[in-house]
Structures are given as C-alpha cells and as structure tokens.
1. Please go through (1) open to solvent by 30 Å² or more (accessible area, probe 1.4 Å); (2) more than 20 Å from M294 (Cβ to Cβ); (3) modelled with pLDDT of 65 or more; (4) part of a helix (DSSP H, G or I) for K57 and return the number of the only condition it doesn't satisfy.
2. Would you call D296 at pLDDT 80 or above and among the acidic types (D, E)?
3. What pairs can you find where one residue is in segment 176-197 and closer than 19 Å to V93 by Cβ, the other is among the small types (G, A, S) and open to solvent by less than 10 Å² (accessible area, probe 1.4 Å), and their Cβ atoms are less than 7 Å apart, with a gap of 6+ or different chains?
4. Output the helices (runs of 4 or more DSSP H) that fall wholly within segment 77-119 and possess 2 or more residues being in contact (Cβ under 8 Å) with a residue 24 or more places away in the chain, open to solvent by 20 Å² or more (accessible area, probe 1.4 Å) and over 17 Å from V144 (Cβ atoms), or say none.
5. How many residues are among the hydrophobic types (A, V, I, L, M, F, W, C) and more than 17 Å from V101 (Cα to Cα) if we restrict to segment 135-149?
6. Residues that are at pLDDT 95 or above: find the strands (runs of 3 or more DSSP E) completely inside segment 140-251 holding 1 or more of those.
7. Looking at F263, is it at pLDDT 90 or above and open to solvent by less than 30 Å² (accessible area, probe 1.4 Å)?
8. Restricting to segment 120-130, give me the number of residues that are open to solvent by 50 Å² or more (accessible area, probe 1.4 Å) and either of a type in the set (A, V, I, L, M) or farther than 24 Å from L210 by Cβ (or both).
Amino acid sequence: MIIHPYATHLQTWKNLAVNQDWKAITKEITIQIARVYLIIESVLMNYQSQKKSSDKKEKKKNDDKLPCLVYDFGIRAQPQFGAVMARTFGCEVHGFDPSPVSTEWWKSDESKALRRLPNYHFHPYGAGGVDGVVTLKEYNWGQVSILRYPSIIVNCTGKTGPDCNLEYHNSMTFQLPVKTLPTIIKELGHEGQTIDILKIDVEGSEYAFLENLLDKTSGCPDFIKQISLEWHHFSWDSKYGEGASPSINAIATLLHTCGLKNFWQHSIQGWPAGDKIYQDLGMKDVRYNLVSFMKDRS
C-alpha cells in the first residue's frame, strides 16, 4: 500500500473539523503551507545548483574546443599540411591513411614529434564509398590505390609486330579498411560540428567518397567550409574538350549548387600522367588536377 505523505495531516484536519476547532485548523493549514513552501524552495535551490554545475561544464567544454577542425585524407609519410594546421593554427587535426607506408611511418621515430601533439590524431584507415575492407593495389611512392594494373601488358615501344614484349607488372595487393565520411564523423563524436577543411588525396577513391557524402547529406554537406582535393586518373570528355570529365563535372556541379564554389585549381586542363604504364595500356589521356572549393559566405 502506498500512503501519501500528507495523509496523516488530512486525518488531523478531519478530526479538527468535526470538533469545529477552526483556529486550530487555520494553524495546521498554515504549517502545511510553510512545509510545502520549504519543499518547493529546496527543489528550486537544487535545480539552480545543478544548472550552475551544468553551465560550468558547458563553459569548460566550449573553452576546451579548438578553433578549427581539419580532416586530412591521404598523408603517406608526409603530413606537413596537417602538422602546420595543428602546430601553427592550433586546429584539431585528424589524419587518415591505410597505406602500409603510412602506418609504418606513424610507428617510427619520424612521427615522434607529431605523436606528442595532443591535437593531432592519426587513423589507419582510408576514405571510401563504403564502410568495410576493400582491395587496394600497390601504387607509386609506396601508396595504395583502387587503380588496378593488369598483371601482363604488351610493350611495343619502339617496336612493331612480333617484336613487342610481354611485361609482367606484379604489384602487391592489400585488404585495407575504409570508411565513409558520415561514419567517421559519428565515430569521432563530431556530429553537429563544422569541418573547416576537408583535404582529400586518396589516389582515385575520391569519386566514391564524395558521391557517398552527397548521397548521405541529401546533396549538400552544409557542415563543411572548405574542400581541397586532387582528382586522379580522369580523361578528357570528347564532347566538351580538354579538361572536361563527366564524373568530375557532376560532383563539382553538385558542390557548386550547395554553395561550395570552386575558387582555385591548378590549371584548367590538369596535367597528363607521365607514367609509361598508362601509355602501354593505351590510356594516353590520363590526367590529374588539384582543386579547392569554399563555402560561399555571401
């Protein structure tokens, strides 16, 4: 049985009413009103105390928040960009790269000074259009890429007919972890925060990575101020001429519609790949370009 704390007082008032002791009833009611007031006052004081404590924690959280947030995808063993953003500008920097050359660098003495920085963080996984493990191939400078060279190519450089040589290109294959940007943001606790700079240099995975981002954000990643990236392995679009690429055009147009304007690029047409293997494969128009998009402040 549950007994209300004021049940006994109600019985007292009932007895006083039967005896018509109105003076005593008035006194009893006054006492109970005072008790209720004290309870309310105690509740209010407790609430104010908790609110002050909460405000202090929130203030400390805001005070501890660093002035900028930077995501740096694709660092190899050269983290200069992220290091400058962390040391010079005091940003919270997160570097991402699953390449063996990167994970080995992070464990070596070369990264010792960077590991000591409390606002620099390295993550041994890459940018992807899915969350999981993907097959990446050995690429130049110890990096990995989604680009897959065939094991055997025909090299006819300077030769004709039967004099052409078969060349074997036995690049190593790796099963490496990648994650989408929405997943990374959630796991790092950055939901609702602004990414001041998103740098992407991921050897061909930028297309799937950005397409997933645009899909998951209903077409507009409003929480990103600036995107700086390198386009890899694109070719001319014969319909539009030099420097045009259907996949790049689509992504750039969507970013532009969202207010992320292309304010800088290395060149209009990019630069052609000088790797001999592209020529051997008949991929004569393979190009690269560097671009940056910034949120329109107008």
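1. Every listed condition holds for K57 apart from (3).
2. yes
3. What qualifies is K179/G128.
4. Filter on segment 77-119 gives 80-87.
5. 1
6. In segment 140-251, the matching strands (runs of 3 or more DSSP E) lie at 173-179, 197-200, 226-234.
7. no
8. 1
The values are calculated or read from the model by the stated rules, or taken from the named source; none is laboratory data. It should be emphasised that the depicted structure is a prediction, and the values quoted were computed from it without experimental measurement. Reconstructed Cβ throughout: ideal geometry from the backbone, glycine too, with neighbour counts over all protein chains shown. These accessible areas exclude ligands, DNA and RNA; they are computed on the full protein's heavy atoms, side chains included. Shrake-Rupley method; radii C 1.70, N 1.55, O 1.52, S 1.80 Å.
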